[in-house]
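Report on one structure; see the data block that follows.
The values are calculated or read from the model by the stated rules, or taken from the named source; none is laboratory data. Please read all numbers here as calculations on a predicted model, not as lab measurements. Because the Cβ atoms are built from the backbone with ideal geometry, glycine has one as well, and the counts that use them run over all protein chains shown.
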Amino acid sequence: MMFGSVKGLRGQSHKGVESTNHWISQRFTSILLVPLSILFVVNFVRVFDKPFIEVLKTFQHPVNNLVALLFILISLWHYRQGIEVVIEDYVHDLRIRNLTLRLIGIMCWFLVIVVIFSFVSIYRMEI
Amino acid sequence: MTQDPQNRPLSPHLTIYRPQLNSVLSIMHRITGIVLFFGLLLLIFWFFSMSVGQASFDLFSGLINSLIGRLILLGSLCALWYHFFSGVRHLFWDVGIGFGLEWVQRSSYAVLLATISLIILTLLIGVFTG
Ligand code: HEM
């Protein structure tokens, strides 16, 4: 293929089809974040200074729990897509670029695990 | 200039470039996107502390409700609503709506106005339900 990917190169801007896919999935997360951020922020500002029990009850409600979980997970995904473009713009040394992108990827997956764990235990917590 | 191909001036000439509303708003979209990650981290810690139990939640809740904590939250809120409206404008551009200098100028003001309104609205919701 004409735009064949460069072996071992992380990041999207050097690959033809993949960069189109990257662009499309970036629009996908952006569109999802429009309703999610409104719903989440309205919930959050109402409870962020409340005592434990009240906050817990709020986020044990299945709808609130799911909205918050999705907002955070999709934000993480969207951040990873966005920061990849930023790093491709500024980090020109390919070894450092690949390393940075790999570290950010690992960090995001780690956070995904922490977030899922937290939301499941919040949902199942007995008061 | 042509004598030295290694050292030709780059465009735009950032050091002598008069900052314009549109270029400033454009770089702000990038800056707010990067900054928002730290707000997101804070949020993740908050939920994590909640999942561990009341003692850890109280500790972390005390931190984000301190003066500095609240200032950080306020900063994240401003960044979020700016990035949100600026992002929505990007999405319109992506489907070909809103080009042309005049429309770009107008939508810049719309983004700023919407951002400020939503910040105030969110704070009001926080105050009246708090
Ligand atoms: C609230 C809803 C959000 C919307 C509607 C949104 C929208 C967008 C859009 C459309 C872009 C692409 C801009 C372009 O084409 O250059 C973008 C980029 C980006 N976003 Fe978001 N975003 C949102 C939330 C977030 C959050 C919460 C974060 C951070 C955790 C974030 C981080 C970024 C980053 C780092 C970029 C890359 C900036 C760049 O390339 O200059 N965004 N966002």
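Annotations for the structure displayed:
- For the range A:110-127, filtering for residues that are surrounded by fewer than 13 Cβ atoms within 10 Å (Cβ to Cβ), closer than 15 Å to A:F52 by Cα and hydrophobic (A, V, I, L, M, F, W, C) leaves 1.
- Output for the range B:86-107, where each listed residue is over 19 Å from A:S30 (Cα atoms) and within 15 Å of the ligand (Cβ to nearest atom): B:F99, B:V104
Conditions tested, residue by residue: (1) within 16 Å of the ligand (Cβ to nearest atom); (2) under 21 Å from A:I38 (Cβ atoms); (3) of a type in the set (S, T, N, Q).
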position	(1), (2), (3)
B:I27	yes, no, no
B:G53	no, no, no
B:L59	no, no, no
B:N65	no, no, yes
B:G69	no, no, no
B:A79	yes, yes, no
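- Boolean, B:I44 is modelled with pLDDT of 95 or more, surrounded by fewer than 16 Cβ atoms within 10 Å (Cβ to Cβ) and either part of a loop (DSSP other than H, G, I, E, B) or facing chain A (nearest Cβ under 8 Å) (or both): no
Here is a yes/no grid of residues against (1) surrounded by fewer than 16 Cβ atoms within 10 Å (Cβ to Cβ); (2) over 29 Å from A:W23 (Cα atoms); (3) in contact with a His (Cβ under 8 Å, 6 or more places away or on another chain):
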| position | (1), (2), (3) |
| --- | --- |
| B:N7 | yes, yes, no |
| B:L25 | no, no, no |
| B:F37 | no, no, no |
| B:F60 | no, yes, no |
| B:L73 | no, yes, no |
| B:L80 | no, no, no |
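Listed here are the residues, each with its yes/no results for (1) among the aliphatic types (A, V, I, L, M); (2) within 22 Å of A:E18 (Cα to Cα); (3) without any contact (Cβ under 8 Å) to a residue 12 or more places away in the chain; (4) more than 13 Å from the ligand (Cβ to nearest atom).
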position	(1), (2), (3), (4)
A:E54	no, no, yes, yes
A:D93	no, yes, yes, yes
A:I96	yes, yes, yes, yes
A:S121	no, no, yes, yes
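- Inter-residue pairs, beta-carbon under 6 Å, first within 13 Å of chain B (Cβ to nearest Cβ) and in the range A:19-30, second within 12 Å of the ligand (Cβ to nearest atom) and not in a helix (DSSP H, G or I), 6+ apart: none
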